[in-house]
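Since the structure comes first, as structure tokens, the remarks are kept for the end.
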Amino acid sequence: MKLASLPGGRDGRLAVVSDDLHWCATAAHIVPTLQAALDDWERHEPALRALATEVEHASIPLDRFHERHALAPLPRAYQWADGSAYVNHVELVRKARGAELPDSFWHEPLMYQGGSDDLRGGRAPITLADEAWGCDLEAEICVVTGDVPQGISAEAALGCIVLVGLVNDVSLRGLIPDELAKGFGFVQSKPASHFSPVFVTSDALGEAWQGGRLSLPLVVDLNGQPFGRAEAGEECTFDFGRLIAHLAKTRSLGAGTIIGSGTVSNRDPDGSPGRPVAQGGRGYSCIAEQRMVETIAGGAPQTPFLRYGDTVRIEMRDRAGHSLFGAIEHEVVPLKQ
């Protein structure tokens, strides 16, 4: 089952979308918004699945689904937290700012609390006030949970996952070092995140979803050229069960909590940090990684961070080539004062 939020009110209007992402039907007669559905998922899920069957069979009037019109599936969420499932990424970006990787990072995930009151759709532009801030993309997988009790085990936490999607967790690299030096975490260096047009239930992912990991390539294009083709199921140190349990160690989580995987990242088979797609590698899911590899190889980064007019596209396709979540595809534009 695939769900989207269409324009209408601050939290959008819930719609069920066909598997091929071509058609949709409003779910207003069942529940008005995705957050309302998550608040009482056991009651609403059967009716939403029945509607999804009707959409697939075209047995009811349908509307064309246009990804460019979709809001973030949850335009506002009670909680958005981003983890660090791919430790290779953490190691590279820490090297980029001269910080060592403690051994504990391989045993316990990092996580930060992001802003959840302004979550943007996949076609909304990245609004940037100053190019000097070093705007970077971060292509990730995310999950949405139901209610999660405090102290849940990682195994049990997998049963709390309701939906899966993609996110571009935009970062301002130029602001991060000074902000982290204060010892109190990200705030200004993490602007609004952008989410895929649809979120899907895990059963819609088939065998690609196993044990809290999604084993498919994450396709990232920058200005129309291949930039990243990382395999999301590989080198995923912490599955989503571990990430959820980490967040819930000392508190319960409300239905509608979104948790990100952190930037999807692979090493090369020989253990090196990875090669660009143009050189036969799997590339990167953020610019900071490519800049770090360039620094290791040549002493200085060559790839600039995002500039006005640059375009980013993030998508995941199944083995038959069908888009699973729709595409995050947007342009970097100046912030209008």
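What are the residues in the stretch 42-99 that are among the β-branched types (Val, Ile, Thr) and modelled with pLDDT of 95 or more, if any? The answer is 53, 55, 60. Inside the stretch 60-89, residues that are open to solvent by 20 Å² or more (accessible area, probe 1.4 Å) and assigned to a helix (DSSP H, G or I) make up a count of 3. Quick one: would you say residue 191 is outside any strand (DSSP E or B), touching an Asp or Glu at 6+ places or on another chain (Cβ under 7 Å) and not acidic (Asp, Glu)? No; evaluated as a whole, the condition is false for this residue.
What residue, of 291, 251, 229, is open to solvent by 10 Å² or more (accessible area, probe 1.4 Å), modelled with pLDDT of 95 or more, more than 18 Å from the chain's Cα centre (by Cα) and not hydrophobic (A, V, I, L, M, F, W, C)? Talk me through it step by step, then tell me what you get.
Working: 291 fails: modelled with pLDDT of 95 or more; 229 fails: more than 18 Å from the chain's Cα centre (by Cα).
The conditions single out 251.
Scanning the stretch 78-113 for residues that are among the small types (Gly, Ala, Ser) and under 17 Å from residue 177 (Cα atoms) yields 96, 98, 99.
Only a single criterion out of (1) among the hydrophobic types (A, V, I, L, M, F, W, C); (2) open to solvent by 30 Å² or more (accessible area, probe 1.4 Å); (3) touching a helix residue (DSSP H, G or I) at 6+ places or on another chain (Cβ under 8 Å) is not satisfied by residue 184, namely (3).
Within the stretch 293-304, residues that are within 17 Å of residue 277 (Cα to Cα) have Cβ atoms under 8 Å from residues that are among the aromatic types (Phe, Trp, Tyr) in these pairs: 293/284, counting only partners at least 6 apart in sequence or on another chain. A search for C-beta distances below 6 Å between a residue of the stretch 215-228 that is at positive phi and any residue that is in a loop (DSSP other than H, G, I, E, B) and of a type in the set (Asp, Glu), counting only pairs 6+ apart in sequence or on different chains, returns 223/310. Being surrounded by fewer than 16 Cβ atoms within 10 Å (Cβ to Cβ), modelled with pLDDT under 95 and not in a strand (DSSP E or B) is a description that applies to residue 337. Please find, within the stretch 210-226, the residue that is nearest to residue 137 (Cα to Cα) out of those that are open to solvent by 30 Å² or more (accessible area, probe 1.4 Å) and in a loop (DSSP other than H, G, I, E, B). Going through the qualifying residues, I end up with 223.
For the stretch 187-200, a residue qualifies if it is surrounded by fewer than 19 Cβ atoms within 10 Å (Cβ to Cβ) and either modelled with pLDDT under 95 or of a type in the set (Val, Ile, Thr) (or both), and exactly one does: 187.
Among the criteria (1) open to solvent by 20 Å² or more (accessible area, probe 1.4 Å); (2) among the hydroxyl-bearing types (Ser, Thr, Tyr); (3) at pLDDT 95 or above, the one residue 237 does not fulfil is (3).
Of the residues making up the stretch 95-126, those that are among the small types (Gly, Ala, Ser) and out of contact with any helix residue (DSSP H, G or I) (no Cβ under 8 Å at 6 or more places or on another chain) are 98, 99, 104, 114, 115, 116, 121, 124. One residue stands out in the stretch 1-24 among those that are closer than 11 Å to residue 64 by Cβ and among the aliphatic types (A, V, I, L, M): the one that is surrounded by the fewest Cβ atoms within 10 Å (Cβ to Cβ), namely 21.
The values are calculated or read from the model by the stated rules, or taken from the named source; none is laboratory data. Just so we're clear, the structure is a prediction, and the values are computed from it rather than from any experiment. Note: ideal-geometry Cβ built from the backbone for every residue, glycine included; neighbour counts use all protein chains shown. All accessible areas refer to the heavy atoms of the entire protein, side chains included, with ligands and DNA or RNA removed. Shrake-Rupley method; radii C 1.70, N 1.55, O 1.52, S 1.80 Å.
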